[in-house]
């Protein structure tokens, strides 16, 4: 538990520095909208993308998976080589109440969901998630679409699918 506390403290400081206003971190294309509804969908099958080293070196993969199991409470369900993802079952997720029994010490990927997705090219949220995504760089495209002769309902649907609303 002391190791997890130390790692969490180091990560929190490092992550906080990246979030400082005026930091050197690039602006995200996506803006998070809405709020968590507590549906628990993000807890059902947590997935982590493994880097090449994790996939190619068995000792590193074993260490990674041991950390996930012992520290985060993630039990491996499957390893998807095609996508590079490790899919887990979280031992802290209560399927009846759809809550986490270790909420105060939950892993960073849980703590920072869905903000962690904002760096992706086209982030996908879970069905029914209270959060939404808005394209911060889509104003020009939205204006161009307004100039088309699309029927209003089709225009609205296209803008919704492109996350321009």
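With neighbours defined as other Cβ atoms within 10 Å of a residue's Cβ, the residues 64, 86, 108 order from fewest to most as 108, 64, 86. Exposure proxy shown here: for 30, 67, 95, the number of other Cβ atoms within 10 Å sets the order, fewest to most, as 95, 67, 30. Note on the range 43-133: percent of Cα-Cα distances in each 5 Å bin, starting at 0 and stopping at the bin with the largest distance, equals 3, 12, 21, 24, 21, 13, 5, 1. The alpha carbon gyration tensor of the range 40-85 gives principal lengths a ≥ b ≥ c with a/c of 1.5 or higher and a/b no greater than b/c, which makes the shape oblate.
Taken together, the values in this text are just the output of simple stated rules run on the coordinates, not laboratory data. The structure presented is a predicted model; accordingly, all values stated were derived computationally and were not measured. Because the Cβ atoms are built from the backbone with ideal geometry, glycine has one as well, and the counts that use them run over all protein chains shown.
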